[in-house]
Protein chains: 2
Amino acid sequence: MAVYTEVGDDELKAFLARYDVGPLLSFKGIAEGVENTNYLVHTGAGSFILTLYERRVERADLPFFLGLLEHLGARGIACPNPVRARDGEVLGEIAGKPAALVSYLEGVWVRRPGPQHCRALGAALAGLHRAGSDFALRRANALGPAAWAGLARATTPSADSVAPGLAGEIASELDAFAAGWPSALPNGIIHADLFPDNVFFIDGRISGLIDFYFACDDAYAYDIAICLNAWCFEADAAFNITKARQLLHAYESVRPLAAEEYSALPLLARGASMRFLLTRLYDWLNTPPTALVRPKDPMEYVRKLRFHRSVASAAEYGLDVRH
Amino acid sequence: MAVYTEVGDDELKAFLARYDVGPLLSFKGIAEGVENTNYLVHTGAGSFILTLYERRVERADLPFFLGLLEHLGARGIACPNPVRARDGEVLGEIAGKPAALVSYLEGVWVRRPGPQHCRALGAALAGLHRAGSDFALRRANALGPAAWAGLARATTPSADSVAPGLAGEIASELDAFAAGWPSALPNGIIHADLFPDNVFFIDGRISGLIDFYFACDDAYAYDIAICLNAWCFEADAAFNITKARQLLHAYESVRPLAAEEYSALPLLARGASMRFLLTRLYDWLNTPPTALVRPKDPMEYVRKLRFHRSVASAAEYGLDVRH
């Protein structure tokens, strides 16, 4: 949570002059977004978010991300809508960084999601998968299984300093994925980072989904697995099957799971745990103490991984037994 | 610039339930305010700032600060207006911290103030001094001359590591203040921290003054001296007499200076330099490298202090010679 790049008043006015958004009234750097710098901007036309894309976002990916937001918005998904400049461009530059102006979404993210929030999430996730299914652009998952070996290598020398035996546990999981990772599941655009802080609610209903900067092509069920991890564990690491059941049933009310998705879910959930375990472990070992962002605890995801390893079938996530 | 205290959705809703501001729509921690945590809050009734008072603000001072904002607002000064809860209280508590909800002021602070901004500032400062003159509460300047000896003692052992001879230079200045600091100048409520980032502009006109958490009783001319330092030096440390003349003439168009204020101005400007030199030096020497806030360079104020020591009379600030 940080403002990495300071924007001045004159340069913001010059930037906004390219848009039909009325005069600049105020702007504040906001303490959200680990990857990018975000300003909340008030103009004569309303509220907007100005995002400056920092080093972790590839410039070549920006047409995909901004195009996806426009595509989803046109299909009724409440997500930030890129504002086009008068020349038709959605991508600009400010303070030497690529930048875009998007609509501001009202809503509040829920610090302690309950079963009813998980139900709303499940339906929204399936709706997102449906809405993205005819998006023309493609983007490989840069943090998918193919990337894990490299992250494991980079963290192996110090992993055991975080928890004894962790390097070995990671290696053995990667072997299991190499042997059994499903390659032909229903797939398309996934959000890939739909944690509670990326889902806004007003009055118990979802008012918006944000932060699509990990979106990519991958298995839909893998996106579900990411959400199970992010929404259905308690602070004490206990899995909450009531929340998971709500999430999964609501998802299936919009997009039923195929038999192979059902059977792959426990392994996908182990993989989804590995992805966040590895990036958190990497950041844990490589974030200087002077950094503006504090690294998150990788052990949270080690515990989730171990839980999923103990799961025999998707029935243990609250889905009906079938097939 | 940091969010020191995280506020959750449920606790903010409970807090706002005490106010007639409609439903919570969204809130974002904003990267402004070195002393306090600030959230920009959107509700059904509009935009507000929620301020959580952190350790550097004395709880006993809050009735003074909040009462002053109400007093100034009632006299037409554009400043944050505290929102009263239904029970009439302006001070509440959230996340274990004293907190207040104030109106949001549109406007943008000017990164590179020009002479026209200094002119607007001068008139606004004098208007502020007039508007505060009948405020009933009193607060001593906690960072006035009486506090400097203590700050000097705390920084003396390491001051020369910042600049050779700095400890001696500070001691000799304090001797000069002890011998000649004026004690009977026109005085009343001063802002005491009216830097450019605390003055909002829209279309070249001041739309608001913020951050009154150093406000206190002191000499009006000392407040002017703080502003000369904050607004009228260039990045290369050169004093810009054009800006100073605009500031001072505009001030005098609202509240003319008395003869003794005119003659005291150079010494007051040295003192105003000392105040920021000492607090910056203290922070420079005592901020851990892991802190969220980066300390500001104390040497900027050493250079300003030296400039004012070379000034023989207020005429050198652009005021007409008189008396």
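FYI, it's all coordinate maths here, none of it is from the lab. For clarity, every value in this text was computed on a predicted model and none was experimentally measured. Glycine gets a Cβ as well: all are built from the backbone with ideal geometry, and neighbour counts include every protein chain shown.
Things worth noting here:
- Phi to ³J(HN,Hα) by Karplus 6.51 cos²θ - 1.76 cosθ + 1.60 over segment A:50-55, Hz, x for Gly, Pro: 9, 10, 9, 7, 9, 4
- Note on A:Asp134 and A:Ala163: with the Förster distance fixed at 35 Å, the Cβ-Cβ geometry gives a FRET efficiency of about 0.20.
- If only the Cβ of Lys and Arg carry +1 and only the Cβ of Asp and Glu carry -1, the dipole of segment A:9-104 around its Cα centre is close to 140 debye.
- Within 10 Å of the Cβ of each residue in A:98-111, the mean number of Cβ atoms contributed by other protein chains is 3.
- B:Glu54-B:Ala142 FRET efficiency (beta carbon distance; Förster radius 25 Å; 0.05 resolution): 0.95
- Per residue, the convex hull spanned by the Cα atoms of the protein assembly as shown measures out at 166 cubic angstrom.
- Once both labels are positioned 7 Å from their Cα atoms along Cα-to-Cβ, the gap between A:Glu70 and B:Ser172 label points is 6.6 nm.
- Distance between modelled label sites at A:Arg303 and B:Arg306, nm, 7 Å Cα→Cβ extension: 5.7 nm
- Across the options B:Ala159, A:Pro157, B:Cys232, the greatest Cα extent toward the positive end of the charge dipole of the protein assembly as shown (unit charges at beta carbon of Lys, Arg, Asp, Glu) belongs to B:Cys232.
- The protein assembly as shown: calculated mean residue ellipticity at 222 nm from DSSP helix runs of at least 4, using -39500 (n - 2.57): -14000 deg cm²/dmol
- 30 Å Cα cut-off, lysine pairs counted over chain A (separation 8 or more, or different chains): 8
- When only Cα pairs below 8 angstrom with a gap of at least 6 residues are kept, chain A shows a relative contact order of 17 percent.
- Angle between chain A longest axis and helix A:220-231 axis [Cα atoms, degrees, rounded to 10]: 90 degrees
- Shape box of segment B:215-323 [Cα atoms, principal axes, largest first, Å]: 52, 31, 21
- Förster-model FRET efficiency, 56 Å R0, B:Ala17 and B:Ala315, C-beta, rounded to 0.05: 0.45
- A Cβ-based charge dipole, computed about the Cα centre of chain A with Lys and Arg at +1 and Asp and Glu at -1, lands at about 420 debye.
- Stokes-Einstein translational diffusion, segment A:106-171 - Kirkwood Rh over all Cα pairs, 1.306 mPa s, 10 °C, in µm²/s: 100 µm²/s
- Degrees, to the nearest 10: B:259-286 long Cα axis against longest axis of chain B: 60 degrees
- Per-residue average of Cβ from other chains inside 10 Å of B:21-29: 5
- Contact order normalised by residue count of segment A:141-246, Cα under 8 Å, 6+ apart, percent: 23 percent
- Percent RCO, i.e. relative contact order, over segment B:9-104, from Cα pairs under 8 Å lying at least 6 residues apart: 27 percent
- Share of pairwise Cα separations in segment B:109-317, more than 31 Å, in percent: 16 percent
- Where Rh is the Kirkwood radius over Cα pairs, Rg/Rh for segment B:12-78: 0.99
- Taking B:Pro256, B:Pro196, B:Pro115 in turn, the Gaussian network model of chain B (Cα-Cα springs below 10 Å) assigns the largest fluctuation to B:Pro256.
- Most mobile listed residue (B:Asp283, B:Asp87, B:Asp223) in chain B, GNM with C-alpha springs under 10 Å: B:Asp87
- Annotation: amide H-H contacts under 5 Å for A:Asn240 (H modelled 1.01 Å from N, sequence separation of 5 or more, or interchain): A:Phe233, A:Glu234.
- Peptide B:2-12 shows a mean partner chain C-beta count of 3 within 10 Å per residue C-beta.
- Subtracting the Cα-Cα distance of B:Ser207 and B:Arg111 from their residue separation scaled by 0.36 nm leaves 33.0 nm.
- At q = 0.15, 0.21, 0.24 Å⁻¹ the log10 of I(q)/I(0) for segment B:60-173 amounts to -0.96, -1.10, -1.24, computed by Debye summation with a single uniform scatterer per C-alpha, solvent ignored.
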